[in-house]
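The values are calculated or read from the model by the stated rules, or taken from the named source; none is laboratory data. Note that the structure is a prediction, hence the values are computed from the model and not measured. Using ideal geometry, Cβ is built from the backbone for each residue, glycine included, and neighbour counts are taken over all protein chains shown. Note: areas computed on protein heavy atoms with side chains; ligands, DNA, RNA excluded. Shrake-Rupley method; radii C 1.70, N 1.55, O 1.52, S 1.80 Å.
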Amino acid sequence: MYDAIIVGGGAAGLMAAKLLSEGGMKILLLEARTRLGGRIQSLEGFSYPVNAGAEFIHGNLKTTFSLLKEAGLKKKSLKGKFSRVTNGKWSQEWEIVPHWELLVATLHECKQDVTVNTFLETHFKGEKFVQLRKQFRNYIEGYDAADPEYANIFAIRNEMNSGGENQYRPVPGYPAIIDFLKESIVKSGGIIKTSEPVKEIKYGSNVEVVSSTGKFTCKKIIIAVPLCILHCRKNDSNFIKFPAGMGPYLKAAKKIGNGGVIKFLLEFDAAFWLDNTFLEKRKIAPPSYIFSSEPIPTWWTQYPSGIPILTGWLAGPSSIKLKNYSEKKFKTLLIKSLSSIWELPLEWIEKRLLHYKVMNWIKEPHILGGYSYSTLPTKSARALLQKPFNNTFYFAGEYIPDNSSSTVDAALISGINVAREILKTTDKLNRNIFDR
């Protein structure tokens with residue numbers, strides 16, 4: 001009998017497991033995949049460290065910074081210019097989209113929460129605002145991995161109001177944080193089992209967790225699986241059967257949006273995007289992010305490092321449409337997009353491409369998607385998921401916190417909050433494990 005079982009070995013589950021085990025509880029963490037980390041993953045086959053999933057720290061995030069310090073890890077600031085490429089023309093002055101200031105002002109004056117599409121159709125109809133509607137929808141899809149048909153405008157407004165903060169990368173990367181959490185759990189006596197997909201959770205006098213290999217019992221349970229797993233139907237191989245009383249919680253989870261993400265990692269023989277001849281010809285500084293209207297629209301470099309890795313990004317409805325593409329078909333799109341952006345021959349791009357990987361998170365077993373986004377019912381859905389069912393079933397994940405969802409930091413905060421709530425029910429909260 002365990003004091004607590006954690007289902008899911010991503011950042012939220014690991015953080016909760018770390019604190020509970022350090023608090024003296026007997027815990028078991030079950031992870032369906034062969035490795036820990038969820039959408040945090042490094043890739044082999046490249047000459048340099050490559051992140052298949054989470055890569056950035058978006059802002060000055062106290063929880064992430066604190067964990068980095070505890071783990072003895074560092075962070076580095078992003079540098080380089082944000083660039084936009086339109087019909088072969090590069091711009092780094094970040095030209096304001098026509099009527100953008102009007103859109104921002106209208107956002108601030110908005111009194112009723114509506115979907116992004118409803119907002120645009122209400123306030124920005126007609127030919128005059130075609131470009132504005134297109135750019136705003138592209139922003140919602142690319143940054144939030146959200147569908148403008150369902151994403152709510154108040155959440156987007158809050159996100160835009162909190163923008164402008166510094167951006168960082170953890171050093172050497174998020175996988176090092178996952179390793180630290182794992183080591184901390186094991187050191188405190190916690191047990192971790194990978195390749196243990198949970199099939200059913202039963203509830204009687206105690207909780208019984210049925211995995212593909214065995215049965216485990218506990219007093220309390222934390223559900224820390226990706227949101228898309230809670231969206232699964234009975235005929236899906238990733239489906240988890242919950243007790244009948246959990247119906248309202250599962251319905252709530254399905255009211256939170258979950259976007260698609262496909263990430264592309266490309267290694268070249270040299271970082272041609274930093275070549276002085278190229279920069280001088282276009283009269284630009286070294287680029288960090290590159291935005292375009294190509295099939296793969298968003299790219300970023302490793303600047304200020306000269307590492308010859310380019311990362312492509314496709315998110316939101318656009319990624320869902322292409323989710324069944326083969327690697328060969330994706331490669332054609334990648335080379336075509338880069339050829340157009342840099343005005344270089346297709347053959348030249350392909351010849352210099354040493355290695356590439358398509359990380360299609362929509363098709364990844366036990367993940368099935370990217371990160372969450374807010375819809376109109378999301379606020380009430382989160383309110384329910386933040387409350388334990390019968391003080392026994394708890395939910396943790398990046399989709400749970402109200403004001404910082406969709407990030408690794410949100411996942412860590414969620415794990416901390418759940419661990420604190422569980423330890424409150426014991427006499428083990430006295431240990432000063434939350435104030436490091």
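Exposure check, 1.4 Å probe, all protein chains in place: residue 33 carries approximately 30 Å² of accessible surface.
Compared with the dominant principal axis of the Cα atoms in the chain, helix 11-22 is inclined by about 40°.
The amide H of residue 114, built 1.01 Å from its N in the peptide plane, has 153, 154 as neighbours under 5 Å, considering only residues 5 or more places off or on other chains. Counting Lys and Arg as +1 and Asp and Glu as -1 over every other residue whose Cβ lies under 13 Å from the Cβ of residue 283, the net charge comes to +2.
Once C-alpha pairs closer than 8 Å and six or more residues apart are averaged by separation and normalised to the residue number of the chain, the relative contact order reads 25 percent.
For P(r) over Cα pairs in 10 Å bins from 0, in percent, the candidate list reads (1) 4, 20, 30, 25, 14, 5, 1, 0; (2) 4, 20, 32, 29, 13, 2, 0; (3) 4, 19, 27, 23, 16, 8, 3, 1, 0; the entry that matches the value derived from this model is (1).
Taking only the C-alpha atoms of region 237-372, Rg followed by Dmax gives 18.8, 65 Å. The Rg/Rh ratio of region 79-237, with both radii computed over alpha carbons and Rh defined as the Kirkwood radius, is 1.12.
Here the 3J(HN,Hα) profile of region 131-136, calculated from phi with Karplus coefficients 6.51, -1.76 and 1.60 at θ = phi - 60°, is 5, 4, 4, 5, 5, 5 Hz, Gly and Pro shown as x. In order along region 73-90, the Karplus-derived 3J(HN,Hα) couplings, from 6.51 cos²θ - 1.76 cosθ + 1.60 at θ = phi - 60°, round to 9, 10, 9, 9, 6, 6, 10, x, 9, 6, 10, 10, 10, 10, 6, x, 8, 8 Hz, and Gly and Pro are given as x.
Comparing 301, 277, 378 in a Gaussian network model of the chain (Cα springs below 10 Å), the most mobile by mean-square fluctuation is 277. Dividing the radius of gyration of the alpha carbons in region 43-164 by their Kirkwood radius gives 1.04 for Rg/Rh.
Bridges between two residues of the chain, per DSSP, are antiparallel at a rate of about 70%. Note on residue 332 and residue 128: with the Förster distance fixed at 41 Å, the Cβ-Cβ geometry gives a FRET efficiency of about 0.65. Of 26/215; 26/193; 62/321; 263/328; 74/323; 187/379, which sit over 26 Å apart, Cα to Cα? Long pairs (Cα-Cα over 26 Å): 62/321; 74/323; 187/379.
Surface analysis of the chain yields an accessible area of 47 Å² per residue, using protein heavy atoms and a 1.4 Å probe.
Within region 18-101, the ratio Rg/Rh, alpha carbon atoms throughout and Rh by Kirkwood, equals 1.12. Ignoring ligands, DNA and RNA, what percent of the 1.4 Å accessible area of the chain is carbon and sulfur? It is 50 percent, rounded to a whole number. Partners of residue 283 within straight-line reach, counting lysines whose Cα lies under 22 Å from its Cα and excluding those fewer than 8 residues away in the same chain: 79, 81, 89. Once backbone amide H atoms are built at 1.01 Å from N, residue 288 has 81, 82, 83 as its partners under 5 Å, excluding neighbours fewer than 5 places away on the same chain. Peptides 332-338, 231-237 ranked from most to least packed give 332-338, 231-237, packing being the mean of other C-beta atoms within 10 angstrom over each peptide's residues. Picking from 343, 141, 31, which is most flexible by a Gaussian network model of the chain using Cα springs under 10 Å? Comparing 343, 141, 31 in a Gaussian network model of the chain, the most mobile one is 343.
Which residue fluctuates most in the GNM of the chain (Cα springs below 10 Å): 309, 367, 284? It is 284.
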